[in-house]
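Quick notes on the structure that follows.
The values are calculated or read from the model by the stated rules, or taken from the named source; none is laboratory data. Here the structure is a predicted model, which is why all the values come from computation and not from measurement. Heads up, the Cβs are rebuilt from the backbone with ideal geometry, glycines too, and the neighbour counts pull from every protein chain shown.
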Amino acid sequence: MSVVMIVSALMSGAAVGALLGLFGGGGSVLATPLLLYVVGIDDPHVAIGTSAAAVAFNAGVNLLAHGRSGRVKWPCAAVFAAAGLLGSFFGSSLAKAVDGQKLLLFFAAAMAAIALSMLRRPRSAGDPGVHITLPMMAKLAPMGVLTGLAAGFFGIGGGFLIVPGLMAATGMTLANAAASSLLSVSVFGAATSLNYALSGQVNWPIAALFVLGGLGGGALGVRGAGLLAGHVGLARRLFAGLVLLVAGYVAWRALGLSSI
């Protein structure tokens with residue numbers, strides 16, 4: 001690896017780690033575009049597999065930080081993650097059979113959906129004291145399976161689906177849902193990266209650098225989540241705008257328009 005690639009991987013990892021710590025859901029969506037267009041990985045499947053491995057680790061670290069702060073609703077998060085594990089394996093297996101450029105078009109569409117979901121305001125503040133019940137589990141499990149399927153196919157953490165899913169099924173607050181979503185992001189990412197690794201489609205040195213950069217960025221993101229408590233809405237809208245722009249760029253490159 002060149003020095004430029006090493007530095008690019010570290011800085012890209014720091015950016016994704018910070019976004020994961022700050023927003024939880026949707027924070028990992030820029031990992032694959034950064035690996036493709038900044039770090040310089042050529043194969044879309046390798047970029048997706050590598051990003052899944054790095055994001056899984058960084059999400060796990062951020063999860064522990066949020067857990068110490070008391071934001072994670074562990075029983076609800078565990079049910080959602082366990083239910084979606086099989087779905088993430090199936091989704092990633094399906095994605096490996098799809099042509100790389102077509103997969104990037106699907107990925108761009110998913111990015112646009114993520115951005116639009118981040119612009120949506122929650123219907124209510126939610127209940128910070130929510131406790132899991134059997135009716136909640138009956139809602140959480142099928143949502144987890146479908147979200148795991150989407151996360152595995154697109155090679156993303158799936159937080160943009162996990163957060164509203166957790167809120168809809170349990171009535172928890174946005175802050176609790178964003179923190180709790182990191183368990184599923186970590187589990188789905190680990191399952192997806194393992195599936196890609198079985199096909200030799202994970203660049204482990206790049207993944208390690210991405211993780212290393214993400215450790216510092218994640219610490220800043222978790223701290224920023226507390227500091228921006230009164231301005232999270234504005235920050236999410238700005239980030240959503242950035243994701244929409246990147247989605248357009250990914251689609252443009254996937255369609256080969258950059259060579260015209």
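Details
- Qualifying residue in the stretch 142-151 (condition: among the polar types (S, T, N, Q) and modelled with pLDDT of 90 or more): no
- Helices (runs of 4 or more DSSP H) (entirely within the stretch 70-186) containing at least 1 residues that are among the polar types (S, T, N, Q) and more than 17 Å from the chain's Cα centre (by Cα): 74-96, 100-119, 159-170
- Selection status of A31, crowded, with 23+ Cβ neighbours inside 10 Å, small (G, A, S) and under 28 Å from V3 (Cβ atoms): yes
- Among the candidates A109, A82, A52, residue that is touching a residue at least 60 places away in the same chain (Cβ under 8 Å) and crowded, with 18+ Cβ neighbours inside 10 Å: A52
- Index of the failed condition, D99 passing every other in (1) within 19 Å of I41 (Cβ to Cβ); (2) in contact (Cβ under 8 Å) with a residue 24 or more places away in the chain; (3) charged (D, E, K, R): (2)
- For the stretch 31-46, the criterion of a residue being over 22 Å from A254 (Cβ atoms) and among the aromatic types (F, W, Y) is satisfied by no position.
- Pairing each residue of the stretch 182-207 that is surrounded by 23 or more Cβ atoms within 10 Å (Cβ to Cβ) with any residue that is assigned to a loop (DSSP other than H, G, I, E, B) and modelled with pLDDT of 95 or more, provided the two are 6+ apart or on different chains, yields C-beta distances under 6 Å for S193/V202; Y196/V202.
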